[in-house]
1. Considering only the range 122-157, state which residues are of a type in the set (Ser, Thr, Tyr) and either in contact (Cβ under 8 Å) with a residue 60 or more places away in the chain or closer than 15 Å to Asp106 by Cβ (or both).
2. Looking at (1) out of contact with any strand residue (DSSP E or B) (no Cβ under 7 Å at 6 or more places or on another chain); (2) open to solvent by 50 Å² or more (accessible area, probe 1.4 Å); (3) closer than 30 Å to Lys146 by Cβ; (4) of a type in the set (A, V, I, L, M, F, W, C), which is the only condition Ala94 fails?
3. I'd like the residue in the range 68-86 that is among the acidic types (Asp, Glu) and out of contact with any helix residue (DSSP H, G or I) (no Cβ under 7 Å at 6 or more places or on another chain) and, out of all such residues, is nearest to Tyr114 (Cα to Cα).
4. Considering each of Gly10, Gly45 in turn, give the residue that is of a type outside the set (A, V, I, L, M) and open to solvent by less than 10 Å² (accessible area, probe 1.4 Å).
5. Where residues in the range 64-79 are of a type in the set (Lys, Arg) and surrounded by 13 or more Cβ atoms within 10 Å (Cβ to Cβ), which of them is farthest from Leu37 (Cα to Cα)?
6. Of all residues in the range 78-135, how many are of a type outside the set (Gly, Ala, Ser), assigned to a loop (DSSP other than H, G, I, E, B) and either at pLDDT below 95 or under 25 Å from Trp49 (Cα atoms) (or both)?
7. Output the residues belonging to the range 37-55 that are touching a Lys or Arg at 6+ places or on another chain (Cβ under 8 Å) and either among the aromatic types (Phe, Trp, Tyr) or closer than 27 Å to Arg2 by Cβ (or both).
8. Restricting to the range 39-82, what's the tally of residues that are free of Cβ contacts under 8 Å to residues at least 12 places away in the same chain and in contact with an Asp or Glu (Cβ under 9 Å, 6 or more places away or on another chain)?
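The values are calculated or read from the model by the stated rules, or taken from the named source; none is laboratory data. Small disclaimer: the values here were computed from a predicted structure and weren't measured. Cβ placement follows ideal geometry from the backbone for every residue including glycine, while neighbour counts extend to all protein chains displayed. Remember, those area values only see protein heavy atoms, side chains included, never the ligands or the DNA or RNA. Shrake-Rupley method; radii C 1.70, N 1.55, O 1.52, S 1.80 Å.
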Amino acid sequence: MRFDALVLLGCPVRGTPLSGAALRRVERAASAYRDGLSPSVVVSGGRSWNGVVEADALAAALAERGVPREALLLERESRTTHENAVKTARLLLAHGKRHVGVVTCDWHLGRALYCFHRAGFEPVGLGAVSPPIPPFRALLRALREKSAWFYVRAVARGW
């Protein structure tokens with residue numbers, strides 16, 4: 001399967017080298033790029049962590065893993081998954097690029113794909129596999145995702 005573009009979603013960046021979810025997402029996107037799934041990678045994320053913008057840190061890590069800088073397109077304004085989709089749509093849809101591989105954590109794929117579909121894409125999820133976590137943390141993650149789903153659906157309805 002080939003995509004018009006890969007879209008790597010931002011997440012907290014807590015220094016270099018990257019670790020945790022950021023590292024897993026970068027590794028998944030770099031692997032997909034090396035496998036020839038797309039000629040380009042949109043790195044989406046505008047939050048700043050200790051003065052470092054997500055998109056910048058993730059793009060640097062992709063370059064370290066062999067993804068050419070000319071294959072990277074940075075979206076440095078979004079702060080949420082919904083904004084990742086909307087702001088990436090502004091970059092890609094005008095050029096007819098609708099078929100995208102969305103790279104994010106496996107537990108986040110459902111909401112991410114919903115957002116990208118609503119923004120006009122034909123998205124396919126490329127999940128970065130997360131390690132097992134203790135039950136209480138899993139519950140907190142699930143509650144956070146559920147509340148974020150409510151927010152995204154409210155935005156979609158124009159609330």
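1. Ser130, Tyr151 - these are the residues of the range 122-157 that are of a type in the set (Ser, Thr, Tyr) and either in contact (Cβ under 8 Å) with a residue 60 or more places away in the chain or closer than 15 Å to Asp106 by Cβ (or both).
2. It fails just one condition, (3).
3. Filtering the range 68-86 for residues among the acidic types (Asp, Glu) gives 70, 75, 77, 83.
Within this subset, residues satisfying the condition of being out of contact with any helix residue (DSSP H, G or I) (no Cβ under 7 Å at 6 or more places or on another chain) are 70, 83.
Working: Glu70: 29, Glu83: 12 Å.
Ranking the candidates gives Glu83 first.
4. Numbers: Gly10 fails: open to solvent by less than 10 Å² (accessible area, probe 1.4 Å).
Checking each option against the conditions leaves just Gly45.
5. Initially, the range 64-79 is screened for residues of a type in the set (Lys, Arg), giving 65, 69, 76, 79.
With the extra rule that they be surrounded by 13 or more Cβ atoms within 10 Å (Cβ to Cβ), the set shrinks to 65, 76, 79.
Values: Arg65: 16, Arg76: 23, Arg79: 26 Å.
So, considering only residues that are of a type in the set (Lys, Arg) and surrounded by 13 or more Cβ atoms within 10 Å (Cβ to Cβ), the one farthest from Leu37 (Cα to Cα) is Arg79.
6. We begin by selecting, within the range 78-135, every residue of a type outside the set (Gly, Ala, Ser); these are 79-84, 86-88, 90-93, 95, 97-100, 102-109, 111, 113-118, 121-124, 126, 129, 131-135.
Restricting the remaining residues to those that are assigned to a loop (DSSP other than H, G, I, E, B) gives 79-80, 97-98, 121, 129, 131-134.
Imposing the further condition that a residue be either at pLDDT below 95 or under 25 Å from Trp49 (Cα atoms) (or both) reduces the set to 79-80, 129, 131-134.
Residues that pass the stated criteria total 7.
7. Our first condition is that a residue be touching a Lys or Arg at 6+ places or on another chain (Cβ under 8 Å); within the range 37-55, this holds for 37-38, 44-47, 49-50, 53-55.
Answer for the range 37-55, where residues must be touching a Lys or Arg at 6+ places or on another chain (Cβ under 8 Å) and either among the aromatic types (Phe, Trp, Tyr) or closer than 27 Å to Arg2 by Cβ (or both): Leu37, Ser38, Ser44, Gly45, Trp49, Glu54, Ala55.
8. Selection size over the range 39-82: 1.
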